[in-house]
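Working notes for the structure below.
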Amino acid sequence: MSLSRPTLLAALCGSLALAACGGSDNDRPFATLDGKQPLVIGHRGAAGYLPDHTLEGYRKAIAMGADFIEPDLVATKDGELIARHEPNITATTDVSTRPEFAARKTTRMVDGVAETGWFATDFTLAEIKTLRAIQPLSDRDQSFNGQYQIPTLREVLDLAKAEGTKVGRTIGVYPETKHPTYHEDNNLKLEDRLLAILAEYGYTKKDSPVILQSFETANLKYLRTRTNLRLIQLVDGDDYDFKTGAVTFAAPFDRPYDWTRAGRTELFGSMVTPAGLAEIAKYADGVGPWKPYIVPVKGSFDASGKMQDVNGDGAVNYADASSSTPTTLVADAHKLGLMVHTWTFRNEAKRLAADYKGDPKAEYLQFFRLGVDGLFSDFSDTAVAARQTYLKELGR
Ligand SMILES: [Ca+2]
Ligand SMILES: [Ca+2]
């Protein structure tokens, strides 16, 4: 087997302190903070192919080349951490079809919003284990519904280790603490539970293959006092203003919910200003902004102010907007030593801006060229293929 040039160089550089190891004259550097290639993070596993947050989905993401897999974490009634996108498990499991749990249907407040359905907080882990996962997006493959269990964090960590050994790569795990304030209100605080489990696996250090993320701030600040693991401050928004390209804000996606609780009135957008980033740099290792904070998308409008149906499908929406001049967010964050991990990359034409012309790789390439340090993708195979193209572009 002959080594490819980058592999050979990496092998040499591993054993010798060569001055040239920063890259040869032909290798253009990555624009990332650490100069390494950007990470591909399997968003909720392989959400484009299999139901979110299942061992099968995470395994598929790893097989497709993801560097990290992403479990969102919520707590069960008995304090176990499981991988689900929300405490409300109505849309992502078959719980609504189970007569034995019919009486468990209830209304709960999540981040100030009344939600009706079934909540992980009201189920023991043993009960959760009787449920099966459902694909929540109706336009995605429904044929795997009802087949897969809801995994615990430990099962996800075990899978990452086992599959990593199989593929010969270290597979990172990128847990998100979901709705920390909600869990605190329900006496199921996530953070110490999370750190205790990670410690069982030896994941306590800055270079451990684990990154923690949250949309709230107080829990990240608390985590900073308890762990050296890398922390990412996620930055959300509600919607797009296609006229200006600005992100718009409406509850509960207007600000971190712990800010709302504390009576703070700043919006998520304040976090990606230089001052906001400097504040984040005090407790986190990076920032995880929604994509339009980096590349705004704008529609084209006629004289009467009506947005144009660019793709002519009769509807006016995201797929009719085009990417516009990038912001300085990546450079601003890098100046402060913050990584930038952005989300979410999806293949479907209706989830791509018009100027990518149906080619999801074009979107990845734009963000790779801007120097993002990682991105969350529902289709890790496409992300990895786009990264290969980017590597070639840099002569690597
Ligand atoms: Ca997530
Ligand atoms: Ca259209």
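The values are calculated or read from the model by the stated rules, or taken from the named source; none is laboratory data. In this text, all values refer to a predicted model and were calculated from it rather than measured experimentally. Please note: Cβ atoms are built from the backbone with ideal geometry, for glycine as well, and neighbour counts cover all protein chains shown. SASA here: full protein model, heavy atoms, side chains in, ligands and nucleic acids out. Shrake-Rupley method; radii C 1.70, N 1.55, O 1.52, S 1.80 Å.
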Between V167 and R369, 0.36 nm times their residue separation minus their Cα-Cα distance comes to what?
-> 69.9 nm
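Kindly state, as a whole number, the per residue volume in cubic angstrom of the convex hull around the alpha carbon atoms of the stretch 170-240. Mind showing how you got there, number by number?
Working: hull volume 7.0 nm³, N = 71.
Measuring per residue, one finds 99 Å³ for the Cα hull of the stretch 170-240.
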Determine the per residue accessible area of the stretch 120-165 with all protein chains present and a 1.4 angstrom probe, expressed in square angstrom.
-> 41
Pop a pseudo-label 7 angstrom from the Cα along the beta-carbon direction at both E200 and N228 and give the gap in nm to one decimal.
-> 2.3
First measure r as the distance between the Cβ atoms of D141 and A103, then evaluate 1/(1 + (r/R0)^6) with R0 = 35 Å and state the FRET efficiency to the nearest 0.05.
-> 0.65
Calculate one ³J(HN,Hα) per residue across the stretch 113-125 by plugging θ = phi - 60° into the Karplus curve 6.51 cos²θ - 1.76 cosθ + 1.60, and present them in order as whole Hz with x for glycine and proline.
-> 10, 6, 10, 10, x, 10, 10, 3, 4, 9, 10, 6, 4
Mind giving me the nanometre distance, one decimal, between the label points for V310 and D359, set 7 Å out from Cα along Cα→Cβ?
-> 1.5
Along the charge dipole of the chain, which of Q366, Y203, Q213 sits closest to the positive end, that is, farthest toward it, with unit charges on the beta carbon of Lys, Arg, Asp and Glu (+1, +1, -1, -1)?
-> Y203
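Only sites in a loop by DSSP and with at most 13 other Cβ atoms within 10 Å count here; which trypsin sites (Lys or Arg not before Pro) in the stretch 222-313 make the cut?
Those that pass, being in a loop and sparsely packed, are R226, K243, R264, K282, K306.
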The stretch 214-249 and the stretch 327-396: distance between their alpha carbon centers, rounded to Å = 19
Full-extension gain in nm, E266 to A331, via 0.36 nm per residue minus C-alpha separation | 21.1 nm
Find the all-direction average of the projected area of the Cα convex hull for the stretch 257-396, expressing the result in square nanometres with one decimal place.
-> 10.9
Full-extension gain in nm, T244 to Y283, via 0.36 nm per residue minus C-alpha separation = 10.9 nm
Simple spin-label estimate for K36 and E155 in nanometres, 7 Å along Cα-Cβ | 2.9
Over the chain: Kirkwood hydrodynamic radius from C-alpha pairwise inverse distances, Å = 22.1
Can you list the residues, at least 5 places off or on another chain, whose amide H is less than 5 Å from the amide H of D27, using H built in the peptide plane?
-> none
